[in-house]
Every structure is written in structure tokens, then in C-alpha cells.
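What follows is a short report on a single structure.
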Amino acid sequence: MEHLAEAVREIVSGDAKAFRKIVVATSPRLVRLAARIMGSVEDGEDVVQEAYVKAYRAIADGRFDGRSRLETWLYRIVTNTAIDALRSGTRRPRSTDTLPEPAWDGAAAAEARVALRELETLLTELPPDQRAAIVLKSVEGLSAAEIAEIMDTSEGAVEQRLVRARTALKQRNRNHD
Amino acid sequence: MIEPKDDLDLELSRLQGATEALHATRGFTDRVLAAIDALRVPEWGDGILKFGKAILVVAALSAVAATVVGIRSQRAETETLASTYGMEDFDW
């Protein structure tokens with residue numbers, strides 16, 4: 001990922017167009033992460049776009065110090081932006097409500113959207129921080145230490161959120177059985 | 001020790017695999033870059049505004065300096081005239 005470090009240097013020296021390299025390289029994973037936390041691709045895109053704007057400002061102002069990897073740093077911004085969006089309730093109406101279905105983009109993507117709705121239904125009652133923690137752990141496959149770095153908290157706090165989230169989800173499943 | 005997976009783990013694991021094919025809608029990268037460009041327009045505006053303010057400050061300082069220099073040269077000229085007048089008066 002040396003080309004991303006080079007892109008950061010180019011942006012700092014005033015070449016804003018170098019940001020495209022960062023977006024092209026990182027957006028597939030970030031949009032998937034945000035969609036999983038938010039429960040829809042459209043909300044995920046809104047979150048990632050806002051996160052990229054924050055990231056661009058920070059890089060251009062020289063506030064990205066490179067202590068953590070660019071990808072980890074972007075993961076952190078996206079996760080926290082998603083949690084803020086969930087807390088503030090700034091989410092688009094679901095496609096089943098008012099918006100038309102997204103354009104056909106293949107059977108695999110359509111099936112993935114169906115699965116995303118299932119994930120959204122499963123996680124819908126969790127508070128935003130627990131929801132993000134369980135997605136990062138059980139869906140993204142990150143360790144508690146990585147999640148702690150992303151959520152800017154301790155590993156103990158992450159474990160606590162995960163235990164609470166799992167307890168709530170198991171209780172929910174028992175109630176539905 | 002590997003913990004056995006319970007129903008919740010299995011469900012989340014299934015949803016993880018089933019959502020791997022998720023991707024951004026067409027044109028997402030262009031929309032992001034347009035948002036970045038929109039951000040840069042105010043930056044240019046701010047730059048012009050700052051430049052204009054700097055020019056105003058320099059102009060104001062120049063005006064003050066010119067006034068001071070003008071007053072000093074006026075005084076010097078008056079003193080020269082006065083001293084000359086005095087000398088002429090003395091000679092005369």
C-alpha cells in the first residue's frame with residue numbers, strides 16, 4: 001500500500017486529484033463495512049462519503065500523522081461516522097418504503113442486499129456502539145484489540161459491548177422462537 | 001482452545017458470507033470526488049479573501065507611512081526655509 005502513502009504525500013503538497021487513488025483502493029471495503037453497520041448500501045454510501053470528506057480535510061491540513069495505517073484510520077472514521085449517523089437518526093427511508101429498488105446490478109449483489117436486510121433486522125434493536133462492535137467482530141472478523149483501536153476505547157470496553165450485544169441478540173432469538 | 005460456535009455465531013457467519021458481494025452503486029467514486037471538489041471551492045474563496053485582506057493591510061500601512069514621510073519632509077522643508085531665512089537675515 002505504498003502507493004496510498006504516496007497519494008497522501010501528493011495531497012499534502014496540493015494535488016487534490018491524488019485522493020481518487022485512495023477512494024478507488026479503499027471504497028469497496030469501506031462501503032461494505034458501512035452498509036453492514038447501517039443496514040443499507042445507500043446509508044453506507046452516505047456515511048463513507050462523509051468520512052472521505054473528513055479524511056480529505058485532515059490529510060490536506062496535515063492532520064493525518066501516519067502513526068496508524070491509512071486503511072485503519074479510514075476504518076475508524078467510517079465506523080465513528082456510522083455510529084453518529086445511527087445516533088442522530090439521519091438515515092434514508094428504506095427501499096421498501098418510499099425509494100425505488102436500486103438498479104439491477106447482478107444476482108450476487110441482489111442476494112447480498114437481501115442478506116443485508118436480514119442483518120439489519122437482526123441488529124435493529126442494538127444501540128449503535130454495540131451494533132458497530134458486533135459487526136466489526138463477527139462480520140468483519142477483527143480482533144478485540146483492532147476494534148478497540150478503531151472505536152478509540154479499551155479492549156475491556158469492547159468485550160463488554162460484545163457481551164451485551166450477544167446477550168441481547170440471543171434474547172431476541174429466544175423471543176422469536 | 002477454539003470455542004464451539006453457537007446459533008448466533010453461525011447466523012452471523014452466514015450473513016458475513018452472504019453480504020460479501022455488496023458494493024457501491026455506480027458513480028459512487030465520482031460523487032465522492034465531486035464532494036471533495038465542492039469542498040475546495042470555498043478553500044479558493046477563502047484564499048482570495050485572505051489575499052484581499054492582506055492587500056488592504058499593506059495599503060493601509062503604506063498610506064500611514066506615506067503620511068508620516070510627507071509630514072516629516074514638510075517639517076524639514078519648513079525648518080530649512082526658516083534657517084535660511086534666519087541666515088539671510090543675519091547676513092543682511
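Tabulated results
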{"read-out": "Unmet requirement for A:P28, which otherwise passes all of (1) closer than 24 Å to B:R26 by Cα; (2) over 14 Å from the mean Cα position of the chain (by Cα); (3) surrounded by fewer than 22 Cβ atoms within 10 Å (Cβ to Cβ)", "value": "(2)"}
{"read-out": "Lone qualifier among A:E71, A:E50, A:E6, A:E2 - being more than 11 Å from every other protein chain (Cβ to nearest Cβ), within 14 Å of the chain's Cα centre (by Cα) and of a type in the set (D, E)", "value": "A:E71"}
{"read-out": "Residue in the stretch B:39-61 that is at pLDDT below 80, surrounded by 11 or more Cβ atoms within 10 Å (Cβ to Cβ) and over 30 Å from A:A25 (Cα atoms) present", "value": "yes"}
{"read-out": "Residue match in the stretch A:38-57 (condition: farther than 13 Å from A:E120 by Cα and small (G, A, S))", "value": "yes"}
{"read-out": "The stretch A:12-21 - residue that is out of contact with any Gly (no Cβ under 9 Å at 6 or more places or on another chain) and more than 10 Å from every other protein chain (Cβ to nearest Cβ) and, of those, nearest to A:L123 (Cα to Cα)", "value": "A:K21"}
{"read-out": "Sole exception among (1) in contact (Cβ under 8 Å) with a residue 12 or more places away in the chain; (2) in a helix (DSSP H, G or I) for A:A58, by number", "value": "(1)"}
{"read-out": "Selected residue (criterion: modelled with the lowest pLDDT) from residues of the stretch A:55-68 that are at the interface with another protein chain (Cβ under 10 Å from one of its Cβ atoms) and surrounded by 15 or more Cβ atoms within 10 Å (Cβ to Cβ)", "value": "A:A60"}
{"read-out": "Out of A:A18, A:A109, sole residue that is part of a helix (DSSP H, G or I), surrounded by 19 or more Cβ atoms within 10 Å (Cβ to Cβ) and modelled with pLDDT under 95", "value": "A:A18"}
{"read-out": "Residues within the stretch A:130-143 that are farther than 19 Å from A:L74 by Cβ and modelled with pLDDT of 95 or more, tallied", "value": "3"}
{"read-out": "Residue list for the stretch A:152-171, restricted to those being in contact with a Leu (Cβ under 8 Å, 6 or more places away or on another chain) and surrounded by 15 or more Cβ atoms within 10 Å (Cβ to Cβ)", "value": "A:A165, A:R166, A:A168, A:L169"}
{"read-out": "Enumeration of residues in the stretch A:73-89 that are of a type in the set (K, R) and within 10 Å of A:M151 (Cα to Cα)", "value": "A:R76"}
{"read-out": "Enumeration of residues in the stretch A:127-162 that are outside any helix (DSSP H, G or I), away from chain B (no Cβ under 14 Å) and not hydroxyl-bearing (S, T, Y)", "value": "A:P127, A:M151, A:D152"}
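The values are calculated or read from the model by the stated rules, or taken from the named source; none is laboratory data. Quick caveat, the model's predicted, so the values are computed rather than measured. Note: ideal-geometry Cβ built from the backbone for every residue, glycine included; neighbour counts use all protein chains shown.
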